[in-house]
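**Q** One structure coming up, written as structure tokens, with questions to follow.
The values are calculated or read from the model by the stated rules, or taken from the named source; none is laboratory data. None of these values were measured; they are calculated from a predicted model. So basically every Cβ, Gly included, is an ideal-geometry build from the backbone, and we count neighbours across all protein chains shown.
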């Protein structure tokens, strides 16, 4: 077998050309600046070659009898920057809001005719946690992300994944370094949360350590492979260590990439957990960008999701009694409520009765 | 809320109009005759209204940047007849052969460049049972099928399903009656198989029983609902029994329908089990029609599937020793092979050494 | 191969002996009367042989280093009656409340030490919808249930199932007939619900129809098989129709049975949907009995489940604003709430502000 | 809330005590030497405290009516060493060989009686790839493994996992260093394989690099956390970086641990892929130890698995024709076979016709 000379421009090529070409240091061309909530996201660099490939993918004009999502078509294949070197690209999709309605009407037959509009039906389905109609839409992303984020992400098991294999190929020389405003101290109240921002000299030191160790371990990765990231051999007399072994020397902030495909229901589950304020900032950054694609893809579902999943409060049987007592004037106290302290305080905060919280 | 007056033509409408309109007796217009292996499939009837709706769906011409599968586009939405009143329609799909290649190249990076063609790569993946690249394509079917077939089908858990609900709506008056050549006696050698065909008077009697009982139980279903299949009330002074209860009186050959969506890998698993000669004829009839859609959708994958999944023989360690002994002339006997009788005979048959089978 | 003469008493034997032995008419011995909420459940009949087998299973005394659940051990293998001929038996289990705690502490390490008790930790996990620790326990049921109930049940895909196969064997002559108080009319307000009870002559007629059709279709099933339920041949000159075909003549209230195994998390999901008041009564009857086994198995989890899953109210962002306005005295009206009518009324009802509901 | 003073000995405690106590350098006590195929596995160290906890777990003697697996009971909770610091412990299980038989007999009813023995039935099920009966058994492992191995392992989605969280707690100072005989060069013929062993000076250099980088990045992890692995604070005036951030500085050979629970069918799938010669050595080392536990747990299934899954050869339709031609003397040549070169050579090798392989 021989090396392929001319192949059609596919995003597969786009991937393989990442290897050897792009170093951490040469990230100087960004394709798109991205502002979100006044936070300036760091630059993601794509080579001229990659930009060309994306443009070629986007230039496709195929005629189909399938339903399309016009707003999503506009950003198809585009690399949306996330963190310092990551991105999210929508690569393919199937169905739109009407597909959910179609499936629900198959299930309920004439029964659904009473719900007068598609929008009303989707809201109804979301509010009552009907799940199967939302499984009738599918989406596929191409994502570049740090390995420690990938390790959280992969826990969502109901998705299809093809990850770049470091057994086969050499990983890019790209690492995540937090921006300074994201360098937070360990929270003192929450075992898994972040507390105050770390500033000044200590912040500089931390960033310095992260950068130094990433560079050092990558340089030693090259040494063990006996090959530089640009493909040049280091020592002609040596063999290179097997890739599947050498990779173990890399740090968890090294970037990897994958194709990730899931149905709409499981995408909503992913987003409700990972766009939540308790999620680690670094995965939330991805979820935020993906919510934008959700909005373009299925705008009615997006609205219902924001109302009935993201903004929802779950109140336990005991909590409901407390609210009832406030409404009828009997005003149960914390002591008599049967609630734990944390649950009581969460409820008071949600009800904007901050003066009733206790310590 | 009020009844919807004008709604866009979707296949959802197509479904709801089945109700009340189509009786078992009036199946006189078929949209397409279908010949397979010289077996003339029975007629499936669609109303003028349904034919119109399918035509409207097929008239869509949308422009997309996604990849398309030209041959599959041609039969999109079309109702392929199966059994006497069933059908299979491809409603939507995502990806084509190139999507598998794309995903594999993401995983293996530069490593896959050595496989010179897309076709070679897909064959390689199929032969070595690589699974995840095949998960990157998705397809959605609309299927009308007898309940006893649906009960086998639903055991494939890695799919998304929206079934017509008999809690909400009244089931069509349509039942599966086998054609005479499919009326087989219980096999005497295989506990789950069919033996000789049943002919003559006994066959007539059996078909008569099936028809009579289906008609009787459906008539009583209407009586309990206090409503005929065409929506007319039976006794103005009576209430109708709840649909979720009345349905229990129907027989297992009553037709139901669903939207069924799965990824390509799981479709291949489904087809390899259900198009197999050990599968019950009635579900095999569906699998056969779906294999035709597979061929149109992903022709390269279809070829690899036929070679490396459908036509494959698994030989155990002991069986391999037997073949080795035949090739080197030592000719192990059944007695010394360590194989069970059934396994020995299966192997000899596959090797076309029928004179070596034992009783 | 020959028929097995002596085999150890396993519940497998228990199953196979159901066949041929037990007719719908001979259900005269029940092993246990069961009262629930003052509803007297109908009798389930087991033969002397079956009772003996259950007793043998229960007589096992094995010594294990695994954790055990003492209360669940007491009812292991016992057939809990459900509906008229159904039952639920716990056959095996793995883990108890401490297994959830163990798994959570593995995940959170030293972090979980701050939660002072196992009970506190399980409540915390349930309230915050932590899922994976609950997956560490597993349970296996043997269930006898009508086919139309089995069709709802099987939609829970994350479980393992082995169902009695009517391709291999002949189904028991047992059918579900609702008790009179469960004969409800179709609801006029809810497309999938039940309304008022149907009484008097009409109820008698309905039960008569259900019984007659079940008996008739079963008798014809025997005719087609050319074999009675007790194994006697009907016509020595005829072949029997293949079982996989004959079964299609049976009605959906015929009983089937299966082994059903799932982890605790998915059991809770199943129970929260199927013990809900919107679930069909017939599957709710099973869920109710299974909740009893949950309580015996993992009593702490049971408590947390009742508080934070069963008794919970989900309030949308808009609904929360309404409650806030009631608490601070601004009293938003329905019109200004942004809620739909149905959602408004549900909220008022839950808050016991019935005077505020609108029509 | 306060710190727990006295808690019962559970394996949860066992875990949390790993933290702070055990350094990479102090691995001097091993609990068990383990020889496999004349390869001396490196030492795994457990503290006196951990050994005591395992002994306490093993001292449990509970009486149960469930089936037990006597050989598996003997090694329950025991830490089987894998690689240099990893281990596999069986923590819990459900069912044994008889549970598979029981489930199969439920499905097939009287039909299975013809297979005269349990062993015959299990072999039959395995050979014909019947899957659901094997899902009726469940096992739970506690595993300590390097992160790069965990990343391969987690791709098996049909399992339940609770992993030690580095968001909550600080990771142990333990890293995987390959033994010298496992330091292999990249294969020249196989993109993902290993070639010749690397020896001498180059091997020393590689091990030196791996060790140095692991120590350096861990030391900087401590610096960023402002806390040593033994819990002492480093600089009283500094805050520690959030754990969820600091962890990104660790290398992929750092050890993590998890509880991993799966059913027998999916365990077999895992083992057939990961004990295969194409699997990376480091995960194969785990699979090998787990196969030992399989053998103790379900000895009949183990035998069938070795015969019909591990030792099996899949022959394509074209390959079968080649064998046929050899047996009947027509001897098809490579050129006329329709096989690719690699497939031809694989077949000839399996048939021990090495003289027929081509270049």
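**Q** Give the residues of segment D:340-359 that are more than 18 Å from residue B:324 (Cβ to Cβ) and either assigned to a loop (DSSP other than H, G, I, E, B) or over 34 Å from the mean Cα position of the chain (by Cα) (or both), sorted by residue number.
**A** Correct list: D:340, D:358, D:359.
**Q** Continuing with this model, one more query. Among the residues of segment A:239-259, write down those that are under 30 Å from residue A:140 (Cα atoms) and assigned to a loop (DSSP other than H, G, I, E, B).
**A** Hits for segment A:239-259 are A:250, A:252, A:253.
**Q** Take the residues in segment A:340-352 that are surrounded by fewer than 16 Cβ atoms within 10 Å (Cβ to Cβ) and more than 7 Å from chain C (Cβ to nearest Cβ); name whichever of them is nearest to residue A:72 (Cα to Cα).
**A** Here the residue is A:349.
**Q** Before we move on, is residue D:123 part of a helix (DSSP H, G or I), facing another protein chain (nearest Cβ under 9 Å), more than 20 Å from residue D:252 (Cβ to Cβ) and modelled with pLDDT of 90 or more?
**A** yes
**Q** Restricting segment B:292-320 to residues that are touching a strand residue (DSSP E or B) at 6+ places or on another chain (Cβ under 7 Å) and assigned to a helix (DSSP H, G or I), which is modelled with the lowest pLDDT?
**A** B:320
**Q** Next up: Are any of the residues in segment A:321-331 touching a residue at least 24 places away in the same chain (Cβ under 8 Å), more than 19 Å from residue C:331 (Cβ to Cβ) and facing chain C (nearest Cβ under 8 Å)?
**A** no
**Q** Sticking with this structure for a sec: Identify, from the list B:236, B:215, the residue that is part of a loop (DSSP other than H, G, I, E, B), under 30 Å from residue C:200 (Cα atoms), more than 7 Å from chain C (Cβ to nearest Cβ) and out of contact with any helix residue (DSSP H, G or I) (no Cβ under 8 Å at 6 or more places or on another chain).
**A** Exactly one residue qualifies, and that residue is B:236.
**Q** Please verify whether residue D:236 is over 25 Å from residue A:148 (Cα atoms) and buried (at least 21 other Cβ atoms within 10 Å of the Cβ), treating the condition exactly as stated.
**A** no
**Q** Mind checking whether some residue in segment B:269-282 is in a strand (DSSP E or B) and under 26 Å from residue A:137 (Cα atoms)?
**A** No, segment B:269-282 has no match at all.
**Q** Would you mind telling me which numbered condition in (1) at the interface with another protein chain (Cβ under 7 Å from one of its Cβ atoms); (2) surrounded by 23 or more Cβ atoms within 10 Å (Cβ to Cβ); (3) touching a residue at least 12 places away in the same chain (Cβ under 8 Å) residue A:254 fails?
**A** (1)
**Q** Quick check on this structure: which one of D:318, D:261 is within 14 Å of chain B (Cβ to nearest Cβ) and buried (at least 17 other Cβ atoms within 10 Å of the Cβ)?
**A** Of the residues listed, the single one that is within 14 Å of chain B (Cβ to nearest Cβ) and buried (at least 17 other Cβ atoms within 10 Å of the Cβ) is D:318.
**Q** A further question follows. Could you tell me which of the residues C:246, C:287, C:304 is without any contact (Cβ under 8 Å) to a residue 40 or more places away in the chain, assigned by TED's automatic domain parsing to the domain that holds residue C:85 and either closer than 21 Å to residue A:128 by Cβ or in contact with a helix residue (DSSP H, G or I) (Cβ under 8 Å, 6 or more places away or on another chain) (or both)?
**A** None of the other options fit; the residue is C:287.
**Q** Just to verify a result, which residue in segment B:59-71, among those that are in contact (Cβ under 8 Å) with a residue 24 or more places away in the chain and facing chain A (nearest Cβ under 10 Å), is surrounded by the most Cβ atoms within 10 Å (Cβ to Cβ)?
**A** Among those residues, the one meeting the criterion is B:69.
**Q** Go through segment D:296-336 residue by residue and tally those that are under 23 Å from the mean Cα position of the chain (by Cα) and at positive phi.
**A** Counting residues in segment D:296-336 that are under 23 Å from the mean Cα position of the chain (by Cα) and at positive phi gives 0.
**Q** Contact list please: Cβ distance under 6 Å, first residue in segment C:217-230 and closer than 12 Å to residue C:250 by Cα, second residue assigned to a loop (DSSP other than H, G, I, E, B) and at pLDDT 95 or above, pairs at least six apart or on different chains.
**A** Short answer, once both residue conditions are applied: C:217/C:250; C:221/C:250.
**Q** Which residues, counting only those in segment B:321-339, are crowded, with 16+ Cβ neighbours inside 10 Å and outside any helix (DSSP H, G or I)?
**A** B:332, B:338, B:339
**Q** Report whether or not residue A:194 is facing chain D (nearest Cβ under 7 Å), within 30 Å of the chain's Cα centre (by Cα), more than 18 Å from residue D:212 (Cα to Cα) and surrounded by fewer than 23 Cβ atoms within 10 Å (Cβ to Cβ).
**A** Yes.
**Q** Which one is nearest to the other protein chains (Cβ to nearest Cβ), of the residues in segment D:72-98 that are in a helix (DSSP H, G or I) and at pLDDT 95 or above?
**A** The selected residue is D:73.
**Q** Still on this structure, please answer the following. Which condition does residue A:2 not pass, out of (1) at pLDDT 75 or above; (2) assigned to a loop (DSSP other than H, G, I, E, B), if it passes all the others?
**A** Here residue A:2 clears every test but (1).
**Q** Further, regarding this structure: Quick one: residue A:166 ticks every box in (1) modelled with pLDDT of 95 or more; (2) in a loop (DSSP other than H, G, I, E, B) bar one, so which box is it?
**A** Here residue A:166 clears every test but (1).
**Q** Answer yes if at least one residue in segment A:168-189 is under 13 Å from residue A:253 (Cα atoms), within 14 Å of chain B (Cβ to nearest Cβ), in contact with a helix residue (DSSP H, G or I) (Cβ under 7 Å, 6 or more places away or on another chain) and surrounded by 16 or more Cβ atoms within 10 Å (Cβ to Cβ), and no otherwise.
**A** Checked segment A:168-189: at least one residue is under 13 Å from residue A:253 (Cα atoms), within 14 Å of chain B (Cβ to nearest Cβ), in contact with a helix residue (DSSP H, G or I) (Cβ under 7 Å, 6 or more places away or on another chain) and surrounded by 16 or more Cβ atoms within 10 Å (Cβ to Cβ).
**Q** Hey, another quick one. Report whether or not residue A:289 is closer than 23 Å to residue A:124 by Cβ and touching a strand residue (DSSP E or B) at 6+ places or on another chain (Cβ under 9 Å).
**A** In short, no.
**Q** If you take the residues in segment B:190-201 that are outside any loop (DSSP other than H, G, I, E, B) and either touching a helix residue (DSSP H, G or I) at 6+ places or on another chain (Cβ under 9 Å) or within 30 Å of residue C:153 (Cβ to Cβ) (or both), which one is modelled with the highest pLDDT?
**A** Per the criteria, the residue is B:197.
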